[in-house]
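Have a look at the structure below before the remarks.
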Amino acid sequence: MPIIDSPPTPPILAQQSAIVIDIGDADTAQISARKQDAHVRWWLELGDQLLLVGDRGEVRKAAPDREVLGEMVDFDRDRLRLHALGCVRESGAPGRLIAQGGRWELRELSASELAKPLPSTHDGHSDEWREVQPDTVIAERYRPESAPAAADPAIQSVVDSIDTVRWFADLTTLTGWDRSSYGSELALSRAWIETQFNGLGLTVSAPAFTMPGNSGGQISVNNVIGKWTGTEFPDEWIIVGGHYDSRNGNIHSTVNAPGAEDNASGCASVIELARVLVDFEPKRSILFMCYAGEEQGLYGSYAHVSSLQNSGDLGKVQAVVTMDMIGYSADSTLDVLFESSSTWSTYLNQFATAAATYVPQLRVTLSSNPFGSDHVPYLQAGKKTLLAIENDWDAYPDYHSSNDTPDRIGPNAQAMGGAILKTSVAVIADIAGIRDRIFVKGFEATAP
Ligand SMILES: [Zn+2]
């Protein structure tokens, strides 16, 4: 490789100024114009918020005032950290909030805050505080360049079979038990989930695993698996999962943990997807799964991945969809975040385009910075995996609270959960392969 004399890179000035602008309604061309503006030295995109950094007094020239949400004068990039939004918020994260989007927030910390270890959630699996890399997309709104693809009539028929009233009824049933990992009622909810899967003709198992107990030692809890065996490709597996355990503000509490949004909404979704999909006799196998032990550190999904490794079945897994908190909407806009890793950007796009075709009212944000839910163990095992989560979850006042009850998820719960269910079922039906409904047994009996 030839040695080329290159000019020295200009030093990054420690003292710069930044603005945060709202790009919620901007198009792709407007956003790239802001990023490339001559007054901008570097940028960071967090969903609907864009941080623009430049010299003091200059950077404001890169955006009209009406777009500016906030300003930071004279800051030091070394003191900025990206923080994964999660349980630590309850005790107050250090530093000053600058911007947020896609389950991440940008915080400015003082030198003394940085001198101490930064607080971490109890799960210990997440890289929760990250340094800022300039010119990076943390999460971005899906902005299609062209009109959505036409609906496939066979997939449309699956999408139309999603029953949001039935889903919300299942969600409500699940909230009737305190589903704390440590309480006596978790097993009752597990038995009910098993009954639902059995009623659908799935092969049901409830493998036990251990996790740390509430007062030392280990406890044994169970995942629940309802397996559909594929009619044509039984050794090609798709996993559809969501955790059924819950918690309130005190993670050790064994009572008052109804967990409607977190995560009866996701667990009921797994059941609803099973109810719909078995009618279409998928060609590939589908493992419908409800995990335990998520709240204390993703123990159920980690246990499942290690059991797949031990049985040699990991290679059969072609795709994974997990759902965590899909019912709340802070306003009438239906927002979803689809999260995976950058390896699986095509998979992320598959969900975005399915939404554009089958649920056009759904606003989609995509993130390639995964953390802190049941998608993580599968991603770490190299599997194509996605998390679906509604995008207002951090605004939900009853998150991890004893008030996380069905009535608190709000009037849009069925529309919000339904939009995510319909998008998910469209993708799963496509990758699993389905029979045309006309051939599915029993259809003739109900046809007019
Ligand atoms: Zn959850």
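The values are calculated or read from the model by the stated rules, or taken from the named source; none is laboratory data. Since this is a predicted model, take the numbers as computed values, not measurements. Here Cβ is always computed from backbone atoms with ideal geometry, including for glycine, and neighbour counts include all displayed protein chains.
R363 meets each of the listed conditions (1) within 16 Å of the ligand (Cβ to nearest atom); (2) closer than 22 Å to I409 by Cα apart from (1). If the condition is being among the charged types (D, E, K, R), buried (at least 23 other Cβ atoms within 10 Å of the Cβ) and away from the ligand (no atom under 11 Å from the Cβ), then segment 283-294 contributes only R284. Here the condition is being buried (at least 20 other Cβ atoms within 10 Å of the Cβ) and modelled with pLDDT of 90 or more; of L171, L188, L97, it holds for L171 alone.
Would you be able to say whether some residue in segment 235-254 is within 23 Å of I428 (Cβ to Cβ), touching a Gly at 6+ places or on another chain (Cβ under 7 Å) and of a type in the set (G, A, S)? Scanning segment 235-254, I find at least one residue that is within 23 Å of I428 (Cβ to Cβ), touching a Gly at 6+ places or on another chain (Cβ under 7 Å) and of a type in the set (G, A, S), so the answer is yes.
In segment 352-365 there is at least one residue matching the filter, namely being within 24 Å of Q49 (Cβ to Cβ) and within 12 Å of the chain's Cα centre (by Cα). Contact map, segment 48-77: first residue outside the structural domain of D135 (by TED's automatic domain parsing), second residue assigned to a helix (DSSP H, G or I) and at pLDDT 95 or above, Cβ cut-off under 9 Å, separation 6 or more or different chains; the map is empty.
Against the list (1) within 16 Å of the ligand (Cβ to nearest atom); (2) buried (at least 22 other Cβ atoms within 10 Å of the Cβ); (3) not in a helix (DSSP H, G or I), the condition G297 fails is (2). Looking at segment 24-95, the strands (runs of 3 or more DSSP E) lying wholly inside it that each contain 1 or more residues that are of a type outside the set (F, W, Y) and farther than 24 Å from P144 by Cα sit at 49-54, 68-75, 80-84. Within the bounds of segment 307-316, is there any residue that is buried (at least 24 other Cβ atoms within 10 Å of the Cβ), of a type outside the set (G, A, S) and not in a strand (DSSP E or B)? Among the residues of segment 307-316, not one is buried (at least 24 other Cβ atoms within 10 Å of the Cβ), of a type outside the set (G, A, S) and not in a strand (DSSP E or B), which makes the answer no. Closer than 24 Å to R247 by Cβ, modelled with pLDDT under 95 and more than 16 Å from the ligand (Cβ to nearest atom): is that true of S306 in this structure? No, not satisfied. Of the residues making up segment 207-220, not a single one is of a type in the set (S, T, N, Q) and crowded, with 17+ Cβ neighbours inside 10 Å. Exactly one residue out of S340, S329 is away from the ligand (no atom under 16 Å from the Cβ), at pLDDT below 95 and either under 28 Å from T173 (Cα atoms) or small (G, A, S) (or both): that is S329.
Checking each residue in segment 317-354 for being assigned to a helix (DSSP H, G or I) and not β-branched (V, I, T) picks out S342, W344, S345, Y347, L348, N349, Q350, F351, A352, A354. The conditions of being part of a loop (DSSP other than H, G, I, E, B), of a type in the set (V, I, T), within 20 Å of S269 (Cβ to Cβ) and within 16 Å of the ligand (Cβ to nearest atom) are not met by I389.
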